[in-house]
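Reading through the structure tokens given below for one structure.
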Amino acid sequence: MLALVSPAMASRWMFGREMYRGFVAGSLRDADSKFIPRSTSADADVKKAYKIVAARCRDQVANNSLISGGINRICNNVVRGGILPQFKFRTRDGKLDRDTNSKWRVLFTRWTKYCDITGHDSYGSLQRLGLRHMWSDGQYLIHRVYDTSLPGIVPLRLELIECDQLDALVDGILPGGNVARKGIEYDAATGRPVAYHILPEHPGDYLALGRRTKSTRIPATEIIHVWRRDRISQYSGIAWLVAVVMESYRMEDFRHITQDAARIQATFAAFLKSAYPGFTLGGGLSFGGQAEPISPASTGENVEAPEEIRHNVIQPLPTGTDITFAAPSHPGDNYEPFVKDSQRWQSGGLGMSFEAYANNYTDASYASSRSGALEERLSYQAQQQFLEEQMNRKVLAWFIEAAYIAGLAPGRMAGYARDPQLYHEMAEGQFPGWSWVDPRNDATASEKILDLNLDTHRNLAAQRGLDWYATIEELIEEEQHLLELETVRQARKKIEEENNAE
């Protein structure tokens, strides 16, 4: 009605009403009145919760079969045998120097077997270990050290360190003006890490209990701090399982309680009831034996009921005695839907399909499984890119620098001392790929994409985890061997024909 009389006034009234309405998420009424989280910086949240969150996530990775299996599946898809570099050094005329790149690849491949300072893991294994720590801890450190004991091997060695070894007592404004946060020293002006204060051993190790050790200040140039920033005010990582860990713990606890209840109820039990007070019903019935048949006594004296039942025997009971067997009710009909619902929430937090996480393809169709698999790959690819940016590129820069200093670099590296970044950028990660979900249709689609000049052979090979140049070299080598084999066969055939002619 107001709009009919005065459209302008009606418009102002509606605008004012919407201004007062605000966001529903900002309402403090009814059941939402207690949902008032504190507005603190991300680093304050991490500092307050890191230890307990990491401990809980580590426990679930170690003891929860679904979480453990999910992390293993993620590592298998993201890292597999390892994310290795593709070198792209070029000649003076701008073309790829295949010979030099091949030598760099051989040099790096040899180094991967000895890269771990402990001698235990290969480079691919260190990548898997680091990714596992991202899920359970949210961060880890890589310290570079040198070992010249192996001739011909680039002397760079990697030492992985848990962030528990950061000296948390180094915190606040330091005498030199830098700012320290939980053992990491930052430049006050830029916020860049300057140094890491690291304890010589894990504070939770049984050899370290009861004694305080002094931390060592290590320059930031010697450390790679691998973590993911989720907020601008964040300076260190939090476990990637943080949003899943309580759901997984509670569901695992519920599952164990349900199993215990079902196991107790599954124990065979029978209960005797009698309307006659003159009968002593004994301790109950169980499988295993057969008591003597009895009948009510005419004198009214106490009569013992049988305490054991044997199969295939009709057992008479005292007159007036009724027998009731326990009926197990656990797990009930709602158990499976309840568990599946929780597992769906957990799988979402891990970036996996429910079917893959729970290993349950009962209700999945081919179309849904294919769609879920393709969606999962986006999650795996994002983690591959994370490892490439936060770990591999920095390690590769260390590797090229160490090879140059040790005199093991293939080819000339003119101007390296003046501009090392130019050479550090001449490589990129070759990610493990996946086989085609539908080989026939996927192969046909790839052929059409190449015919339309929408992609390259190299990119399509990379999607399958293959180095196109290395593949071409192998094909050429195979063809040469096949030609040699055909030459041998033809010579043998000619000799046989000559022998037959004689």
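Laboratory data are not the source of any read-out in this text; all were calculated from the coordinates shown. A quick note: this is a predicted structure, and the numbers were derived from the prediction, not measured. For neighbour counting, all protein chains shown are included, and Cβ atoms are generated from backbone atoms with ideal geometry for every residue, glycine included.
Remarks
- Backbone geometry of the stretch 184-193 corresponds, through the Karplus equation with coefficients 6.51, -1.76 and 1.60 at θ = phi - 60°, to 3J(HN,Hα) couplings of 10, 9, 10, 6, 5, 7, 9, x, 7, x Hz, x marking Gly and Pro.
- Where labels lie 7 Å past Cα in the beta-carbon direction, separation of TRP436 and SER27 in nm: 5.3 nm
- Evaluated at q = 0.09 Å⁻¹, a Debye calculation over the C-alpha positions of the chain (equal weights, vacuum) places log10 I(q)/I(0) at -0.89.
- Farthest towards the positive end of the charge dipole of the chain, among the residues PHE35, PHE386, SER446, is the Cα of PHE35, using unit charges on the Cβ of Lys, Arg, Asp and Glu.
- Distance violations [Cα-Cα > 30 Å] among LYS47/LYS88; LYS51/LYS214; LYS340/LYS394; LYS47/LYS394; LYS103/LYS493; LYS340/LYS448: LYS47/LYS88; LYS340/LYS394; LYS103/LYS493; LYS340/LYS448
- Dipole magnitude for the chain: computed about the Cα centre from +1 point charges on Lys and Arg Cβ and -1 point charges on Asp and Glu Cβ, it is near 2160 debye.
- Remark: TRP436, TRP111, TRP468 ranked as TRP436, TRP468, TRP111, counting other beta-carbon atoms within 10 Å and listing the fewest first.
- Global form of the stretch 1-160, assessed from the alpha-carbon gyration tensor, a/c cut-off 1.5: prolate
- Distant-in-sequence amide H partners of GLY429 (H built 1.01 Å from N, under 5 Å): GLN86
- Near VAL170, once Lys and Arg are set to +1 and Asp and Glu to -1 for all other residues with Cβ below 12 Å from its Cβ, the sum equals +1.
- Note on SER371 and ILE257: the extension gain reaches 37.5 nm, defined as 0.36 nm multiplied by sequence separation minus the Cα-Cα distance.
- Whether the stretch 401-449 is rounded, prolate or oblate, judged on the alpha carbon gyration tensor where a/c under 1.5 counts as rounded: prolate
- Built amide H within the under 5 Å cut-off of LEU166, gap 5+: LEU199
- With each label modelled as a point 7 angstrom along the Cα→C-beta vector, the MET413-ALA364 pair spans 4.6 nm.
- Rounded Å value of the spacing that divides the Cα centres of the stretch 47-65 and the stretch 201-262: 5 Å
- Förster radius 45 Å - calculated FRET efficiency between LYS103 and ARG217 (Cβ-Cβ, nearest 0.05): 0.75
- An oblate overall shape is assigned to the stretch 188-262, the ratio a/c of its alpha-carbon gyration tensor axes (a ≥ b ≥ c) being 1.5 or greater and a/b not exceeding b/c.
- Rg/Rg_ref, the stretch 355-502, where Rg_ref = 2.2 N^0.38 Å and atoms are Cα: 1.64
- Under 5 Å, built H, 5+ apart or other chain: amide partners of VAL194: GLU185, TYR186, ASP187
- Helix 366-387 axis versus longest C-alpha principal axis of the chain: approximately 50°, rounded to the nearest ten.
- Lys, Arg +1 and Asp, Glu -1 on Cβ, resulting dipole of the stretch 199-260 about Cα centre, debye, nearest 20: 420 debye
- Counting other Cβ atoms within 10 Å as a rough exposure proxy, the listed residues ARG192, ARG56 run ARG192, ARG56 from fewest neighbours to most.
- Neighbour-count order for HIS143, HIS202, HIS256, fewest beta carbons within 10 angstrom listed first: HIS256, HIS202, HIS143
- A full extension of the chain between ALA42 and GLU496 corresponds to an added length of 155.3 nm, given 0.36 nm per residue minus the alpha carbon distance.
- Axis angle, to the nearest 10 degrees, between helix 123-136 and the longest C-alpha principal axis of the chain: 40 degrees.
- ³J(HN,Hα) computed for each position of the stretch 54-60 - Karplus, 6.51 cos²θ - 1.76 cosθ + 1.60, integer Hz, glycine/proline x: 4, 5, 5, 5, 4, 5, 5
- Extension gain for ASN178 to LEU482 (0.36 nm times residue separation, less C-alpha to C-alpha distance): 102.8 nm.
- Each Lys and Arg contributes +1 and each Asp and Glu -1, all at the Cβ; summed about the Cα centre of the stretch 397-502, the dipole is approximately 340 debye.
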